[in-house]
1. Hey, quick one: spin label on Arg74, modelled 7 Å out along Cα-Cβ, who in the stretch 146-166 has an amide N within reach, i.e. under 19 Å?
2. What's the angle, to the nearest 10 degrees (0 to 90), between helix 183-194's Cα axis and the longest principal axis of the chain?
3. If you restrict to DSSP beta bridges whose two residues both lie in the chain, what percentage is antiparallel, to the nearest 5?
4. What base-10 log of the normalised intensity I(q)/I(0) is obtained for the chain from the Debye formula, alpha carbons as equal point scatterers, at q = 0.11, 0.13, 0.18 Å⁻¹?
5. Any idea which of Thr106, Val47, Trp202 is furthest toward the positive side of the dipole for the chain, if Lys and Arg beta-carbons carry +1 and Asp and Glu beta-carbons -1?
6. In debye to the nearest 20, how big a dipole does the stretch 6-127 give about its Cα centre with +1 on each Lys and Arg Cβ and -1 on each Asp and Glu Cβ?
7. If you place +1 on the Cβ of every Lys and Arg and -1 on the Cβ of every Asp and Glu, how big does the dipole about the Cα centre of the chain come out, in debye to the nearest 20?
8. How far is the Cα center of the stretch 125-171 from the Cα center of the stretch 184-214, in Å?
Amino acid sequence: MAKNLAPLSPQNWPFSLDWLPSSAYLVGGAVRDALLNRQEYLDLDFVLPTEAVETARRIANHYQVGFVVLDEQRQIARVVFAQGTVDFALQEGDSLETDLQRRDFTVNAIAYNPHTENLIDPLQGLVDLNTGVMRMISKANLEDDPLRLLRAYRQAAQLNFTIEPHTRSTIRNLAPLLDKVAAERVQTELGYLLANSQGSKWLIAAWEDGLLPVWLKNASL
């Protein structure tokens, strides 16, 4: 797979790189989708070790665009440009690598340094991108936010990936935890899944793996 980093280049952003400290990194779906050549719209996610919300506010004020704090406790804010959205989050842990270690799947734990235009991939997410595999980073990370159990199936559908066998076995074992997730969050994931052309296949898989009976009590497959 050729590394297509052009969509991530600061030249394509709606704001100047000068607003970001050298310790800011692009992470998550934007990096993954650029590497897969499937980025459809501007949706950037940055992590910063300090002043994430303050940085977002300064950028929004300078460019006179929308600004909203998404999560005050976790220090996540969004800047809304006409071209798309840019999120800024406080780094979890004392290093970028620690932050990446706390994410859901390896393909979502690749970072991009916009200052050097290099990738940071401590969990071998590029290998799983090349082979089309959703692989968990750890069981504990799935337990921390059980919605990630269902997200594995949704992202497998969106990316036309498979779920790595040990990851899928772990999801089956943790399936009862999904009952603890707020209904609206589950409904959003199901909506994404149903809207995808591969969604039916993965909806059946999620049902067979025990994720959905508690949410779809009257359904049968």
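1. 146-155
2. Helix 183-194 sits roughly 90 degrees off the main axis of the chain.
3. Details: 18 of 27 bridges.
Antiparallel bridges make up about 65 percent of those DSSP assigns within the chain.
4. -0.57, -0.79, -1.38
5. Most positive-ward Cα: Trp202.
6. Here the stretch 6-127 has a charge dipole of around 200 debye.
7. So the dipole magnitude of the chain works out to roughly 620 debye.
8. Between the Cα centres of the stretch 125-171 and the stretch 184-214 lies a distance of 14 Å.
No lab work stands behind these numbers, since they all come straight from the coordinates. All values derive from a computational prediction rather than experimental measurement. With ideal geometry, Cβ positions are generated from the backbone for all residues, glycine too; neighbour counts draw on all protein chains shown.
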